[in-house]
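J.: Quick one: the structure is below, questions incoming.
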Amino acid sequence: MTQPLAAGFADPVLEAQHCFRALLEAMSRPGRVQRLAGALAPPAPLNLAAAAALLTLADADTPVWTDAGADAEAWLRFHAGCPLVAEPGAAALLLACGAPPSPPALEAGTEEEPHRAATLILQVTALEEGTGWRLSGPGIEVAHRLRVAGLPADFLVAWATNRARFPCGVDVVLCAGERLAALPRTVLIEEG
């Protein structure tokens, strides 16, 4: 028996604008947690922030890769109209609910066109400001603290490799429930 398709944004224009502003704020102020509100009820295992980011950023010209399963793929195809790709390296936008693909395997753009790099949306279990990693770089006056729970143990090693490719590299959006934070490729992350 087929499950009914979960609803998308109740007010697509206003909710996408709100999410886009939150994503811009998160990218311009790395590590600052943004909260999204709304009645979006995506299919499992998508959380609200990841689903809203996908609906805001994906369209018919955006190849998307996800490991979220068939229900989430059908939901994305219907609500975003985006093509789904089988290989992470072929995607402009990726959603990882489990172990994420390695950033070096993803589209990093070129020195002439760094804006062609992929954006990786990672679902995590918790985001909290004030503790955890020490972030520095563009958009951060001195330093900012962000604790992220639910990332693979090798994330910081992969991030250092990704950051070293600047101006190329992958940008990351972390999503936990209704909360999101961004890690642009320019951010230096230090433990402790």
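J.: Hey, can you tell me all the residues within the stretch 86-121 that are aliphatic (A, V, I, L, M) and closer than 12 Å to A58 by Cβ?
T.: Looking only at the stretch 86-121, we keep the residues that are aliphatic (A, V, I, L, M), and these are 86, 90-96, 99, 105-106, 108, 117-118, 120-121.
Selection gives A91, A92, L93, L94, L95, I121.
J.: Residue check: is C168 part of a loop (DSSP other than H, G, I, E, B), modelled with pLDDT of 95 or more and crowded, with 16+ Cβ neighbours inside 10 Å?
T.: Working: part of a loop (DSSP other than H, G, I, E, B): yes; modelled with pLDDT of 95 or more: yes; crowded, with 16+ Cβ neighbours inside 10 Å: yes.
Taking the combined requirement at face value, the residue satisfies it.
J.: Select from the stretch 37-59 the residues that are under 16 Å from L24 (Cα atoms) and touching a Cys at 6+ places or on another chain (Cβ under 7 Å) and list them in ascending order.
T.: A49, A50, A52, A53, T56, A58
J.: Shifting gears a bit: Run down G31, G81, G38 and say which single residue is at pLDDT below 95 and in contact with a Leu (Cβ under 6 Å, 6 or more places away or on another chain).
T.: Numbers: G81 fails: in contact with a Leu (Cβ under 6 Å, 6 or more places away or on another chain); G38 fails: in contact with a Leu (Cβ under 6 Å, 6 or more places away or on another chain).
Going through G31, G81, G38 in turn, the sole match is G31.
J.: Does at least one position in the stretch 18-27 carry a residue that is at negative phi, at pLDDT below 95, out of contact with any Ser or Thr (no Cβ under 8 Å at 6 or more places or on another chain) and surrounded by fewer than 20 Cβ atoms within 10 Å (Cβ to Cβ)?
T.: yes
J.: So, in the stretch 46-68, exactly how many residues are farther than 22 Å from G98 by Cβ, out of contact with any Pro (no Cβ under 8 Å at 6 or more places or on another chain) and in a loop (DSSP other than H, G, I, E, B)?
T.: Of the residues in the stretch 46-68, the ones farther than 22 Å from G98 by Cβ are 56, 59-61.
Going one step further and asking which of them are out of contact with any Pro (no Cβ under 8 Å at 6 or more places or on another chain), we end up with 56, 59, 61.
Narrowing the set further to residues that are in a loop (DSSP other than H, G, I, E, B) leaves 59, 61.
Counting residues in the stretch 46-68 that are farther than 22 Å from G98 by Cβ, out of contact with any Pro (no Cβ under 8 Å at 6 or more places or on another chain) and in a loop (DSSP other than H, G, I, E, B) gives 2.
J.: Further question on the same structure: Can you name the residue in the stretch 89-122 that is surrounded by fewer than 19 Cβ atoms within 10 Å (Cβ to Cβ) and hydroxyl-bearing (S, T, Y) and is also modelled with the highest pLDDT among such residues?
T.: My answer is T110.
J.: Turning to a different aspect of this structure: Mind checking whether some residue in the stretch 60-71 is within 29 Å of R165 (Cβ to Cβ), out of contact with any Gly (no Cβ under 8 Å at 6 or more places or on another chain) and in contact (Cβ under 8 Å) with a residue 60 or more places away in the chain?
T.: Looking for residues that are within 29 Å of R165 (Cβ to Cβ), out of contact with any Gly (no Cβ under 8 Å at 6 or more places or on another chain) and in contact (Cβ under 8 Å) with a residue 60 or more places away in the chain, one finds none in the stretch 60-71, hence no.
J.: Any chance the stretch 33-45 includes a residue that's in a helix (DSSP H, G or I), in contact (Cβ under 8 Å) with a residue 40 or more places away in the chain and crowded, with 20+ Cβ neighbours inside 10 Å? Can you show your working first?
T.: Initially, the stretch 33-45 is screened for residues in a helix (DSSP H, G or I), giving none.
No.
J.: Which is modelled with pLDDT of 95 or more, surrounded by fewer than 14 Cβ atoms within 10 Å (Cβ to Cβ) and either under 18 Å from E128 (Cβ atoms) or out of contact with any Asp or Glu (no Cβ under 6 Å at 6 or more places or on another chain) (or both), of G150, G192?
T.: On the way: G192 fails: modelled with pLDDT of 95 or more.
After ruling out the rest, the residue left standing is G150.
The values are calculated or read from the model by the stated rules, or taken from the named source; none is laboratory data. As the structure is a computational prediction, the values presented were derived from the model and not from experiment. Quick reminder, even Gly has a Cβ in these numbers, built from the backbone with ideal geometry, and neighbours come from all protein chains shown.
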